[in-house]
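Bear in mind that the values in this text are calculations on the coordinates, not laboratory data. Predicted model only: the values in this text are computed from it and were never measured. Glycine gets a Cβ as well: all are built from the backbone with ideal geometry, and neighbour counts include every protein chain shown.
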Amino acid sequence: MASFREPPPRPFLKWVGGKRQLLPELLEAVDSSGPFRHYHEPFLGGGALFFSLARIGRIRARSYLSDANANLMDAYLGVRDEAENVIALLEGHRKVHSETHFYAVRASVPDTLAERAARIIYLNRTCYNGLYRENSKGQFNAPFGRYKNPLICDQENLRAVSQTLQNVDLGARDFAHVLQTAKPGDLVYFDPPYNPTSKTADFTAYCPGGFGADAQQRLAETCKALATRGVKVVLSNSMTEVTRTLYEDDFYTYGVTASRHVNSRADRRGKVSEALITSFPMRAEQPPSDQRRVPTHRQVHPHANAGSPAQPSGVLQRRPARQWLLDNHYQDVAALIDEITREWKLAGKQTRRNWWQILAGDTKGNSRVVEGRSFPVLRAAQLRMGVPVTPDAICRNPREEVPPVTVTGRWRKRA
Ligand SMILES: C[S@@+](CC[C@H](N)C(=O)[O-])C[C@H]1O[C@@H](n2cnc3c(N)ncnc32)[C@H](O)[C@@H]1O
């Protein structure tokens, strides 16, 4: 089965910690924030949320995208300002792609922006696992990946990305620079290297220097300073005691589960808890608009909650696609899912799929096939996944609602 790809513009680099799995919850958080003016993303990586917002028309003013990794930002700058040169150079790499060529490009230090951008994109597309790794000298050091047919030059997407980036301020800088650009009414999404959940689960070495406890502390202070000035803040991190301690008194804190595929050992991949932290409540728990208290800077001021209970917190639950299908006249589709999962169970397989993604169809709105069965393309699934609705997408229940992410339970308060 072809893997799911969103329509352009979509991330053009594979990035460790990419947020595709968490997109429904992040989009829900952005929706809950209400209208915003400028969008800021200071830990850009592959930019999954930015491109998703651009696709659904939520980016209306100039955006500010940055990352401390200068090689990464060169790739963005090159695609924004010299897309055609980058495409031509990538086509050149594609024609002579081999292990020897990969290592020659890896060792090279190009002079021009277009060459630097094409180098990073080429290496990212062809290296082992698409993992961007640098050594202590800031040199890319991931080994060659043995892919049959890597997509080295995705011309259509690079042009769409270039177009989208025209009204974007790009820079290689530390996240705290956002304090100089973000104004009241703007939205900032922080996706920092995560607090390690264990001593061996530290994926924070994107940049020389890493991202340790003092950087996490500095980040929490930056978030508080922004919220205090009326900037809307969304942050994702691992759900650890450290994260909780840093944010729970001043922010809304939610737990969420997401699949991660970073670990090279298959037995260590799987579901891990993540934290989603916002300076406003998620829509699912907001009171009706006539009773809504708009959070003011006083409510998120570091000392405003001292001695008072933590702000509302909860667990974001993914609504199982199967139940929604049963509630909205798609019994046949739910039965198809049951059939396939039963087969997997009988075969002793642990396979899990994001059925919303399957039901959203492929980039052209064609059905996707799982275990030889073709799935219909549903309008609600496309809306839920934040991809454009295609003309033939099915909607059987005119009153059906796009299944929201729901909030349940409470995040246990520290003793
Ligand atoms: C979890 S990744 C972001 C992933 C991204 N949201 C995506 O969808 O691909 C974290 C990013 O933070 C960057 N980073 C590390 N330290 C930083 C700092 N002090 N300031 C800004 N960015 C930093 C890394 O280079 C890395 O790209």
key: Neighbour-count order for 337, 394, 358, fewest beta carbons within 10 angstrom listed first   = 394, 337, 358
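What's the exposure ranking of 136, 236, going from fewest to most Cβ atoms within 10 Å? Write out the running numbers ahead of the final one.
Working: 136 9, 236 26.
Ascending Cβ contact count within 10 Å gives the list 136, 236.
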Cβ-derived FRET efficiency at R0 41 Å, residue 332 paired with residue 101, nearest 0.05 = 0.25
Positive-end residue of 43, 105, 32, charge dipole of region 18-118 with Cβ unit charges = 32
